[in-house]
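Shown next, in structure tokens, is the structure this report addresses.
Since every read-out is calculated from the coordinates, none of them should be taken as a lab result. Every value quoted in this text rests on a predicted model; they were computed, and no experiment measured them. Virtual Cβ from ideal backbone geometry, glycine too; neighbours counted across all protein chains shown.
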Amino acid sequence: MKTDNAHTLSALAVAIFRTNGALIAAGDALSAPFGLSSARWQVLGAVVLAGQPLTVAQIARNMGQTRQGVQRLIDEMERQDIVCFENNPHHKRAKLIRLTEKGENAYAATMQQWNELADRLATDMQAEQLRNAIDCLNQLFAGLDADPPQG
């Protein structure tokens, strides 16, 4: 028997799935003029937010993605001069990923577009609602991370 909270959490999961799809579509539209996609924008953001070059494994872990998927994106972006590899003093084979000037410019331009959209979307939202949503999503993530479903 499903509890009221479980039913409400299920409705939240559906809302997250729908919102995720809409966010990806919006991100693709915002970033496409700058040679990016939502996935590429997220990879660049992981490096920018870290404030230092990261390995592919670190980027994947921070994004909750597979290392192989992130490696594919990194390889594509390296061929297009959006990111570059540099030696890692802590690990000979795991290169560090750094944004090139082209990558920094593409990321900054996409962020400018996102910030304008975020300002419009947030107009009718209350700061407390947003903080509560963040707390709820972080708690949901922590629970799934600590007790992942077995399949």
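Brief remarks on what is shown
- Shape of segment 66-151, Cα gyration tensor, a/c cut at 1.5: oblate
- Over the residues of the chain, the helix contribution to mean residue ellipticity at 222 nm works out to -23000 deg cm²/dmol, using -39500 (n - 2.57) for each DSSP H run of at least 4.
- Amide H contacts of Ile82 (H built 1.01 Å from N, in plane; Pro and chain starts excluded): no residue 5 or more places away or on another chain comes under 5 Å.
- Distance from the C-alpha centroid of segment 59-74 to that of segment 1-35: 20 Å, rounded to the whole angstrom.
- Estimated distance in nm for a label pair at Arg67 and Thr123, the labels positioned 7 Å out from Cα along Cα-to-Cβ: 4.6
- Taking label positions 7 Å along the Cα-Cβ direction at both Gln139 and Gln52, the computed distance is 3.4 nm, reported to one decimal.
- Expressed in units of 2.2 N^0.38 Å, where N is the residue count, the Cα radius of gyration of the chain is 1.20.
- Leading residue at positive end of dipole, segment 1-123 (Cβ point charges), from Ala109, Trp41, Gln52: Gln52
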